[in-house]
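**Q** Have a look at this one.
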Amino acid sequence: MTAIAYRAEILAVPEDPLRAGAEAIRHHPDGLLVVEDGIVAACGDHADLAGRFANVPTERLAGILVPGFVDTHIHYPQTERIASHGEQLLQWLDRHIFPAEAAFADRAHADAIAAFFLDELLRNGTTTALVYPTVHPQSVDALFEAALARGMRIVSGKVLMDLGPADLRDTVAGGRADSEALVARWRGRGRLGYAVTPRFALTSTDAQLEDAGRLVAAHPDVLMHTHLAENRGEIAAVAARFPHAADYLDVYDRFGLVGDRSVFAHCVHLDARARNRMAAAGAGIAFCATSNMFLGSGLFDLAATDAAGIKIGIGTDVGAGTSFSILHTLGEAYKVCQLRGQVLDPFRALYLATAGGARTLNLGDRIGGLRPGQEADFVLLDPAATPLLARRTAGASIADTLFALQILGDDRAVAATYVAGRRALSPSRSAACR
Ligand code: GUN
Ligand code: ZN
């Protein structure tokens, strides 16, 4: 057994402060995190734990140690199309995104982007993500191979889109066969998980949506991942195609795609019926603040989501999202809440970015809280990463420091990322990138 301990200021929010209150916040100004074979053996005050683990080699880390970030919605093939100008969702997809995704028929291209993408996640402190690849099964192989090499907990699955553009289209039977083969090939390997991924209602026939429902039912260990109620033009097109559905969510529901393993990105335009149905089904939402503003989609309603009791995490949604940084995304989420007259507390924000995201991906037992028995994915934040941050956080409380990191921080504030207890990027690469 390999054991190592890290002594640092430690902060984790394993429970939702909305329900658990201040009890949810675990702050150890002089803390100790003990890791055995990549799993948290103990986490608490150094003074309480030092005696019990006196024989374990201990490294001192400068900065604030927090759980690794969880990105509940992101597209790796869109990495190079981030910051593409001038359109809302449906036109942006046609003009910028579909042509870029067609290039992933080439496995070598997929390998190169997957490697860059995962290193970018790590550089930003993200250790787990629910990821869209493309329609091509080899795009999933490329991502999973690269994630396996890095020991990362990544969930993904071939995009289903038999109504897509000609060079990005599958078929019901082909999509099913490719998905089954990928589930069989990757099940149980490393820390990977599979998600049945119909792109959205408009890019699949009824037959494919129905088959996706069958696929989810046939494999109790997979997630279902799609987009929902993002943009008004999209919603109008869905309503025109499915006149008998109560609303957009009901389209997915009729095909068996709404359950406790479902994760829906965006959900900007939902009413009470849909929210209540999502809560009753145990479905989750990815709140994608930078993307919703970049594409002009709208302001997500966090208070209504919380009032309904829906599971929720944070998504960057790169390439519509404008940053890989979950810290930066939390800053934008704060502003979205301000525009709605709501207030996002910094500890709640950290919960959403860690344990809340983990729960949304049904991984709450494995990651997100630095609880004993959980996987030891964590990030070291540097509250003095920039001259401005250093000045703003000097002598500040932990709440104030955390908030400043969310408003002013980004990849520069991530001093190091640890995956299963080990530092993920070589110091030279981290240094070169900062
Ligand atoms: N809806 C369907 N496809 C996409 C996509 O690639 N990005 C976003 N933001 N929304 C979508
Ligand atoms: Zn998306």
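Coordinate-derived values only; no laboratory data. All figures in this text were calculated on a predicted structure; none of them were measured in a lab. Cβ: placed from backbone, ideal geometry, glycine included. Neighbour counts: every protein chain shown.
**Q** Could you tell me the calculated FRET efficiency between residue 221 and residue 171, based on Cβ-Cβ distance and R0 = 22 angstrom, to the nearest 0.05? Before the final figure, lay out the partial values.
**A** On the way: r = 25 Å, r/R0 = 1.15.
Between residue 221 and residue 171 the formula returns 0.30.
**Q** To the nearest 0.05, how large is the calculated FRET efficiency for residue 94 and residue 39 if R₀ is 41 Å and r is the Cβ-Cβ distance? Intermediate results must be reported in sequence, preceding the final value.
**A** On the way: r = 46 Å, r/R0 = 1.12.
Computed FRET efficiency for residue 94 and residue 39: 0.35.
**Q** Another question, then. I want to verify a result. In a Gaussian network model of the chain, Cα cutoff 10 Å, which of these has the top mean-square fluctuation: 122, 143, 389?
**A** Answer for the Gaussian network model of the chain: 389.
**Q** Tilt of helix 326-339 relative to the longest C-alpha principal axis of the chain, in degrees (0 to 90, nearest 10)?
**A** In the chain, helix 326-339 runs at an angle near 70 degrees to the longest axis.
**Q** Angle, helix 172-186 long axis vs. longest principal axis of the chain, Cα atoms, 0 to 90°, nearest 10?
**A** The angle comes out at about 20 degrees.
**Q** Next question. For the chain, what mean projected area does the convex hull of the alpha carbons give, in nm²?
**A** Numbers: hull surface 79.2 nm².
Mean orientational projected area (the chain, Cα hull): 19.8 nm².
**Q** Oh, and also: For residue 307 and residue 47, compute 0.36 nm times the residue count separating them, minus their Cα-Cα distance, and round to one decimal in nm. Kindly include the intermediate steps, with their values, before the conclusion.
**A** On the way: separation 260, 0.36 × 260 = 93.60 nm, distance 3.97 nm.
Additional length available on full extension: 89.6 nm.
**Q** 7 Å from Cα along Cα→Cβ at both residue 388 and residue 80: what's the point-to-point distance in nm?
**A** Modelled inter-label distance: 3.2 nm.
**Q** Using 0.36 nm per residue, how much length does the chain from residue 18 to residue 240 gain when fully extended, once their Cα-Cα distance is taken away? Walk me through the intermediate numbers first.
**A** On the way: separation 222, 0.36 × 222 = 79.92 nm, distance 3.82 nm.
Stretched fully, the residue 18-residue 240 segment lengthens by 76.1 nm.
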